[in-house]
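The structure under discussion appears below in the form of structure tokens.
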Amino acid sequence: MFSVQYCVISTFLLLSNCEKQVIDVTKSQVWGPGLKPADIVLPARYFFIHAIDNSGKKMSMTHKNYEVSIDGYSKDGKCRSNINYIDREDGSVIVRYTIVDWCEQMKIIVKHNSLHVAQSPYYIQKKVYSERCYCPQDLDLWLLSNGCSDFSKDSQISWDLHLFKRVNFSAIRENILKRYNAPESISLCHYVVKKQHIWRKCFGKYTGFKMFMDATLSSLARVVVLPEMEFYLNLGDWPLSRKGGQQRASGPYPIFSWCGSDDSYDITLPTYDITESTLENMGRVMLDMLSVQQTDIPWDNKEEKGFFRGRDSRRERLNLIELARKFPDMINASITNFFFFRNEEQKYGPRVPHISFMEFFRYKYQLNIDGAVAAYRLPYLLAGGSLVLKQESHYYEHFYNKLLPYKHYVPIKRDLSDVIDKIRWARDNDMRAKEITLAARKFVDENLLPQHIYCYHMTLFKEWSNRLISPVEVLPGMEELSLSYSCSCKKGQNRDEL
Ligand SMILES: *[C@@H]1O[C@H](CO)[C@@H](O)[C@H](O)[C@H]1NC(C)=O
Ligand SMILES: *[C@@H]1O[C@H](CO)[C@@H](O)[C@H](O)[C@H]1NC(C)=O
């Protein structure tokens with residue numbers, strides 16, 4: 001009565017064996033930030049459903065027939081929402097949704113074959129606003145309801161800030177510009193945030209990437225009261241705040257960057273790539289940390305080869321092509337674009353078209369080889385359900401220091417000399433390889449989903465603001481960003497009044 005029956009393919013019998021496994025909708029689990037949409041405001045709200053069988057065990061295959069709906073009232077009657085399902089083929093589904101403007105007396109209904117799942121329906125007491133609305137919440141309250149931890153509990157933030165205990169920008173602004181004023185090779189922007197307004201001034205010839213930080217700060221300003229602060233953001237690939245050398249007497253200077261390295265003091269932010277996919281979740285971006293978890297090819301059906309696609313931004317990538325030619329039954333690797341080693345296209349070509357990440361995950365082993373700096377695809381590879389083989393590197397993103405070799409990925413030497421051995425190891429230890437892959441996805445779910453990317457920014461910004469001892473001032477020549485929003489939670493207030 002309260003359950004449905006379906007078939008499991010038994011891997012032991014090699015035949016489709018119709019056991020009767022029964023889902024218990026009342027025991028099944030539903031959890032995640034998307035169930036608290038009034039407190040946790042994200043571009044797309046999301047939550048998880050895991051099916052539990054009638055003996056209380058987590059099921060490992062999924063029924064695709066969950067039906068989620070959002071009920072409630074908005075200005076034109078019913079709330080308008082957009083709902084999307086991501087089936088991870090491991091017994092769990094990610095559900096994500098957006099709402100238009102706002103929703104009152106909101107109810108989230110989760111059903112399976114017309115029966116309510118877990119505690120469905122979920123009643124939301126407070127009015128729920130879209131992330132597109134301008135409704136900044138108190139920072140400390142926001143950090144609390146989002147479950148963000150203190151900066152001191154994040155090893156990367158603590159490390160990055162350990163040299164910058166008290167920062168007097170009045171004393172170093174000029175030196176920073178003197179040191180990094182190299183318009184041909186360095187691009188950086190000076191941001192000032194004050195009273196929920198954002199200003200910036202950029203230096204250098206190529207400053208297009210400022211759009212990512214502009215979008216990040218404007219999005220955050222809609223949902224949380226930003227602390228007063230200023231910072232310099234490096235728009236280039238390479239970290240700037242070098243250890244030793246010329247700077248020894250005068251630096252190091254605090255520079256925010258998307259990529260850190262063992263030989264620099266840059267303060268790392270989540271990359272523009274993962275941040276954009278967070279801000280544009282269910283929007284402009286197709287690939288993000290949730291959608292990449294859609295699983296079409298189960299582990300056992302993946303081809304047991306190492307896979308790589310990417311541009312020619314590092315010599316090792318070309319060496320990998322050579323290896324793939326020597327061991328075609330082990331590695332499938334190709335270059336998608338020749339730019340850095342254009343004159344070697346003859347040798348390492350032909351160039352192949354880009355393919356989607358979904359196509360990557362037809363292969364069991366994913367090779368993560370540095371590009372100009374860290375390869376910003378690593379978060380997606382960790383989430384995708386294949387084993388990651390990661391080249392050792394002195395470059396890192398904001399989360400690498402929480403990753404453990406042989407727990408979340410398999411390390412490979414910088415010169416790639418052990419790639420073939422590592423692929424052999426993975427083939428011979430399929431259970432271990434699968435375990436590592438599952439641990440990687442768990443890591444992603446606990447560290448790299450949209451909520452965590454928001455938290456990381458705000459935790460860092462809050463502590464950064466605390467450390468500034470010079471007054472935060474808008475300087476001559478700075479341009480104010482116009483915040484974009486489509487509604488506001490203050491009664492009677494519309495765009496023009498803000
Ligand atoms: C910051 O530096 C400026 C310029 O060197 C100096 O005048 C000021 O007293 C410093 N502020 C603090 C709080 O140390
Ligand atoms: C390598 O991978 C691509 C993309 O999946 C595929 O089209 C191609 O046939 C593969 N090459 C070999 C030799 O298996």
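For this structure, a couple of remarks:
- For G91, the amide hydrogen comes within under 5 Å of the amide hydrogens of M61, T62, counting only partners 5 or more places away or on other chains and with H modelled in the peptide plane.
- Label-point separation in nm, D150 to N82, each point 7 Å along Cα→Cβ: 4.0
- Expected 222 nm ellipticity per residue - DSSP helices of 4 or more, -39500 (n - 2.57), all of the chain, to 500: -7000 deg cm²/dmol
- Put a plus charge on the Cβ of each Lys and Arg, a minus charge on the Cβ of each Asp and Glu, and nothing anywhere else: the dipole of region 291-448 about its Cα centre is then about 180 debye.
- Selection from L378, S69, G236, by position along the positive dipole direction of the chain (Cβ): G236
- Over all Cα atoms in region 291-448, the spread is summed up by Rg and Dmax: 14.7, 44 Å.
- Fraction of the pair-distance distribution of region 5-131 above 17 Å, Cα-Cα pairs, percent: 58
- Cα-Cα pairs of region 387-480 separated by more than 16 Å (percent): 68
- Amide hydrogen neighbours beyond the local backbone of V388, cut-off 5 Å, H modeled: Q366, V410
- Taken about its Cα centre, the chain carries a charge dipole of about 200 debye when Lys and Arg each add +1 at the Cβ and Asp and Glu each add -1 at the Cβ.
- Simple Cβ-charge dipole of region 5-131, Lys/Arg +1 and Asp/Glu -1, about Cα centre, in debye nearest 20: 200
- The stretch between T207 and V285, if pulled fully straight at 0.36 nm per residue, gains 25.9 nm over its current Cα-Cα span.
- Ranking W425, Q451, Y122 by Cα position along the charge dipole of the chain, where only Lys, Arg, Asp and Glu carry charges on their C-beta atoms, puts Q451 farthest toward the positive end.
- For H112, the amide hydrogen comes within under 5 Å of the amide hydrogens of E67, V117, counting only partners 5 or more places away or on other chains and with H modelled in the peptide plane.
- Region 398-498: chymotrypsin sites (Phe, Trp or Tyr not before Pro) falling in loop per DSSP and having at most 15 other Cβ within 10 Å: Y406
- Cross-linked pairs K27/K58; K243/K402; K413/K434; K58/K442; K305/K402; K153/K194: Cα-Cα separations exceed 18 Å for K243/K402; K413/K434; K305/K402; K153/K194.
- Local electrostatic count at N401 - Lys and Arg +1, Asp and Glu -1, tallied over other residues with Cβ under 11 Å: -3
- What the Cα atoms of the chain give is an Rg and a Dmax of 24.5, 76 Å.
- Here the calculated FRET efficiency for E479 and K75, from their Cβ-Cβ distance with R0 = 25 Å, stands at 0.15, rounded to the nearest 0.05.
- Length gained on full extension, H197 to N337: 46.4 nm, using 0.36 nm per residue less the C-alpha separation.
- Sites N175 and D262, calculated FRET efficiency, Cβ-Cβ separation with R0 25 Å, nearest 0.05: 0.55
Read-outs: derived from the displayed coordinates by stated rules, not from any lab. Quick caveat: nothing in here was measured; it's all calculated off a predicted structure. Neighbour counts run over all protein chains shown; Cβ positions are idealised from the backbone, glycine included.
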